[in-house]
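First comes the structure, then the notes that go with it.
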Amino acid sequence: MKDMTSQEIFDRVFDHLIDQGGPAVDKGSCVYRTRDHKMCAVGCVIPDSYYHPDLEKLSVGLLNTKGDYFYYGPNSSVEKIYVHPDLSQFMIKHSGLLQILQYVHDSFDYSIEHEDTTSWKKYINREMQKVAIEFNLTFNERK
């Protein structure tokens, strides 16, 4: 993970989202990982050894926190959430790309039937082509 290039991240996320056939959603919200093992654009590049459910409380922009992040939850509760230093460094290095890939995942029109993989694949191909242009990456349409 640490040494991945922007192109490698793009390709891994692109392949993952196409193969998965739909977004990673739990209780109507996008998540890094679902109970049925779906993963979002960022969730699929987080190694299992660095992932823990508390990360779901942090936005992509906060995963660049080294060590402990203090999350202010409901009723003014404070929770300490650990972010592995390697994950933090990776997020810092690739923050722009990862945030836009997450936006692509999260912006899918959920009013479209979730099992409709054709519309999902068309959407992902269209949006990933835009990302490739923006970040000067190689784009090859996925089926």
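Rule-based calculations on the coordinates, nothing more; no lab input. Only a predicted model underlies this, so the values are computations on that prediction, with no experimental measurement involved. Please note: Cβ atoms are built from the backbone with ideal geometry, for glycine as well, and neighbour counts cover all protein chains shown.
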Nearest-ten-degree value, helix 95-106 long axis tilted from longest Cα axis of the chain: 70 degrees
Net +/- balance of residues flanking R142 in space, Cβ distance below 10 Å, scoring K and R +1, D and E -1: -2
For the chain, calculated [θ]222 nm from helices alone, where every DSSP H run of n ≥ 4 adds -39500 (n - 2.57): -12500 deg cm²/dmol
Between the range 30-59 and the range 81-108, the Cα center-to-center distance that results, in Å: 11 Å
In degrees, nearest ten, helix 6-20 long axis to first principal axis of the chain (Cα): 80 degrees
Environment charge at M39 (Cβ cut-off 15 Å; Lys +1, Arg +1, Asp -1, Glu -1): -3
Exceeding the 22 Å Cα-Cα cut-off - candidates K27/K93; K38/K121; K93/K122: K27/K93; K93/K122
